[in-house]
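What follows is a set of notes on a single structure, which appears directly below.
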Number of protein chains: 2
Amino acid sequence: MSPIAHIVDDDEAIRDALTWLFRSRHVDSRAWPSAEAFLADWCDDLRGCLVLDVRMGGMSGLQLFDLLSERGSRLPVIFLSGHGDIPLAVAAVKKGAFDFVEKPFNDNELVDRVIRAMKFDASRKEPDPNAAVAAARLNQLTPREREVMERILAGKYNKVIADELNIAMRTVEVHRARIFEKMGVKSAVELAQLLSGNR
Amino acid sequence: MSPIAHIVDDDEAIRDALTWLFRSRHVDSRAWPSAEAFLADWCDDLRGCLVLDVRMGGMSGLQLFDLLSERGSRLPVIFLSGHGDIPLAVAAVKKGAFDFVEKPFNDNELVDRVIRAMKFDASRKEPDPNAAVAAARLNQLTPREREVMERILAGKYNKVIADELNIAMRTVEVHRARIFEKMGVKSAVELAQLLSGNR
DNA sequence: GGAGGGGTTGCGGATAACCACAATTGTTCA
DNA sequence: TGAACAATTGTGGTTATCCGCAACCCCTCC
């Protein structure tokens with residue numbers, strides 16, 4: 001999904017104005033006339049930001065925001081509000097809205113905020129790649145290897161591990177080597193970091 | 001520190017009103033007439049919440065808030081603002097203010113918010129005990145030991161470390177032993193876990 | 001029945017970690 | 001100036017890790 005400014009407002013004049021405004025500043029955008037219409041197109045990998053009118057016919061902007069939050073959306077949201085309602089603004093920001101702008105808004109300022117939101121979104125990391133890598137590698141381990149690994153991470157000596165598992169030290173060494181190989185590390189320290197760095 | 005509502009406002013009438021209001025609702029409070037006065041008494045283990053006027057003579061409420069943030073204060077802050085300024089409210093909340101209330105405020109509502117803030121503060125966990133322990137122990141390390149530790153955590157052999165630091169392997173061994181001793185661990189693996197578990 | 005994978009073990013050697021004992025240098029602080 | 005501490009090094013020995021080579025057992029799947 002390429003990053004665009006998603007506009008949701010039931011006022012056609014505003015939609016057009018925003019569309020034109022964004023285009024003039026080379027920000028790609030697309031507009032929807034209602035929360036419902038936007039939801040129909042929504043998927044969780046939209047990128048960019050969402051410019052959302054607070055007050056709309058049908059589902060309100062706040063309701064849409066809550067719904068998206070429940071669905072795990074992390075798209076930054078900039079609220080547009082027509083009436084200086086501080087409690088509303090505070091509530092929205094506390095719930096994680098990226099920004100809250102009063103209408104009538106200053107064009108340049110709004111675009112700046114939109115761009116800031118889009119940059120924020122762009123800098124947003126995919127779910128920790130490290131964790132994914134670690135998880136994938138963990139799955140390659142056999143059950144027995146996992147048992148050994150636990151004990152390696154507990155800082156135990158091979159001898160102790162062998163004792164606990166009632167196997168020869170040599171066997172532990174073999175497991176150990178295969179664990180390191182599969183996990184792509186070359187020492188127990190690295191292993192510990194790989195696994196505890198992302199908890 | 002027992003939890004109290006800390007009031008900072010340069011308007012004596014407001015201070016008195018709030019003090020009376022809180023007392024009537026069995027919320028302990030104490031008031032200061034300026035940010036500077038509050039700062040003089042501030043320490044990082046104040047508990048409860050801070051009710052803070054945005055606009056004051058001398059240091060403003062926002063400035064005080066920023067300063068406290070820098071100092072690592074985690075006391076929840078409820079801003080009082082006399083003029084419905086949405087950008088200000090949004091900025092404050094985005095920076096981590098707990099709430100933002102317009103003057104004139106509804107007494108009951110304000111107290112409810114204060115109580116909510118104080119409950120939030122009470123439920124706030126002490127800084128991760130592990131992190132505290134690790135940090136405290138880290139401080140016991142000499143600079144040289146820290147250098148060695150970095151390299152141990154990189155999974156390097158004593159020989160390599162000795163080489164990098166241009167010292168004898170034996171010296172590295174000594175440092176290593178002292179690091180383990182001071183950090184209260186008995187292996188590099190434990191060390192890695194202690195330090196990466198809380199990052 | 002043979003191939004493959006997982007788990008197991010032994011032997012022997014190279015390399016590294018760990019440790020007790022002992023000692024030197026430089027700096028800081030009382 | 002002497003105590004205390006950080007940093008340094010050496011000797012010699014014990015213990016662990018790490019690995020290649022070789023092998024056996026058990027189970028599954030084709």
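Charges only on Cβ, +1 for Lys and Arg, -1 for Asp and Glu: so what's the dipole of the protein assembly as shown about the Cα centre, in debye to the nearest 20?
For the protein assembly as shown, the charge dipole is close to 2360 debye.
7 Å along Cα→Cβ for the label point: how many nanometres lie between A:ARG116 and each equivalent label in the other copies, listed shortest first?
2.5
So, taking all protein chains as they sit and a 1.4 Å probe, how much accessible area belongs to B:ASP28, in Å² rounded to tens?
Probe radius 1.4 Å; accessible area of B:ASP28 about 100 Å².
Angle, helix B:107-123 long axis vs. longest principal axis of chain B, Cα atoms, 0 to 90°, nearest 10?
The angle comes out near 10 degrees.
Counting Lys and Arg as +1 and Asp and Glu as -1, what is the net charge of the other residues whose Cβ lies under 12 Å from the Cβ of B:VAL148?
Within the 12 Å Cβ shell, the charges total +2.
At 20 °C and 1.002 mPa s, what whole-number value in µm²/s does Stokes-Einstein give for the translational diffusion of the stretch A:142-199, with Rh from the Kirkwood sum over Cα pairs?
The estimated diffusion coefficient comes to 189 µm²/s.
Give me the inter-chain shielding for A:89-96: mean count of other chain Cβ atoms within 10 Å, whole number please.
Mean number of neighbouring Cβ atoms from other chains: 5.
Ordering A:PHE105, A:PHE79 by accessible area with a probe of 1.4 Å, largest first, what comes out?
Output order, biggest surface exposure first: A:PHE105, A:PHE79.
Using a Förster distance of 25 Å, how high is the FRET efficiency between A:SER2 and A:ALA37, based on the Cβ-Cβ distance and rounded to 0.05?
So the FRET efficiency works out to roughly 0.80.
So for A:LYS186, A:LYS156, what's the accessible-area order with a 1.4 Å probe, most first?
A:LYS186, A:LYS156
Say each of B:ALA177 and B:ASP44 gets a label point 7 Å from the Cα, pointing the same way as Cα to Cβ; how far apart are those two points in nm?
3.5 nm
Work out the charge dipole of the protein assembly as shown with +1 on the Cβ of Lys and Arg and -1 on the Cβ of Asp and Glu about the Cα centre, then indicate which of A:VAL77, A:GLY184, A:PRO3 is farthest towards its positive end.
Farthest towards the positive pole: A:GLY184.
Leaving out ligands, DNA and RNA, and with a 1.4 Å probe, what % of the accessible surface on the stretch B:129-196 is carbon or sulfur?
Ligands and nucleic acids excluded, carbon and sulfur give 54 percent.
Report the accessible surface area buried between chains A and B, summing both sides, using a 1.4 Å probe on protein heavy atoms only, in Å² rounded to the nearest 100.
Heavy-atom accessible area buried at this interface is about 2000 Å².
Say R0 is 35 Å: what FRET efficiency, to the nearest 0.05, do B:ASP163 and A:ARG170 get from their beta-carbon distance?
According to the calculation, E is roughly 0.65.
Assign unit charges at the C-beta atoms only (+1 for Lys and Arg, -1 for Asp and Glu), then state the dipole size of chain B relative to its Cα centre in Debye, rounded to the nearest 20.
Here the size comes out at about 1160 debye.
B:TRP32's amide H: which non-local residues (gap 5+, or another chain) put their own amide H closer than 5 Å, with H modeled 1.01 Å from N in plane and none for Pro or chain starts?
Amide H neighbours of B:TRP32: B:ILE7, B:VAL8, B:ASP9.
For the stretch A:4-123, what's the relative contact order in percent, using C-alpha pairs closer than 8 Å and at least 6 residues apart?
Relative CO of the stretch A:4-123 lands at 26 percent.
Using 1/(1 + (r/R0)^6) with R0 = 35 angstrom and r between the beta carbons of B:GLU70 and A:ASP28, what's the FRET efficiency to the nearest 0.05?
After rounding to 0.05, the efficiency reads 0.40.
At 1.4 Å probe size, with every protein chain present, just tell me what the per residue accessible area of the stretch A:4-123 comes to in Å².
Spelled out: the 1.4 Å probe surface of the stretch A:4-123, per residue, equals 46 Å².
For helix B:129-140, what angle does its Cα long axis make with the longest principal axis of chain B, in degrees from 0 to 90 and rounded to 10?
Relative to chain B, helix B:129-140 is tipped by roughly 60 degrees.
Compute, for the stretch B:32-89, the length of the dipole vector about the Cα centre, with Cβ point charges of +1 (Lys, Arg) and -1 (Asp, Glu) only. Units Debye, rounded to 20.
Computed charge dipole of the stretch B:32-89: roughly 120 debye.
Given H placed on each backbone N at 1.01 Å, which residues far from A:VAL101 in sequence or on other chains put an amide H within less than 5 Å of it?
Excluding prolines and chain starts, which carry no amide H, the hits are A:PHE79, A:LEU80, A:SER81.
Using the alpha-carbon centroid of each, what span in Å lies between the stretch A:30-49 and the stretch A:148-181?
First find each Cα centre; the distance between them is then 52 Å.
So how tilted is helix A:169-183 from the main axis of chain A? Cα-based, degrees 0 to 90, rounded to 10.
Between helix and principal axis, roughly 20 degrees.
At 1.002 mPa s and 20 °C, plugging the Kirkwood radius over alpha-carbon pairs of the protein assembly as shown into Stokes-Einstein gives what diffusion coefficient in µm²/s?
For the chosen part, D equals 83 µm²/s.
For B:GLU147, what accessible area in Å² do you get when you roll a 1.4 Å probe over the heavy atoms of the protein chains, rounding to the nearest 10?
70 Å²
The values are calculated or read from the model by the stated rules, or taken from the named source; none is laboratory data. Quick caveat: nothing in here was measured; it's all calculated off a predicted structure. Backbone-built Cβ (ideal geometry, glycine too); neighbour counts: all protein chains shown. Accessible surface areas use protein heavy atoms only, side chains included; no ligands, DNA or RNA. Shrake-Rupley method; radii C 1.70, N 1.55, O 1.52, S 1.80 Å.
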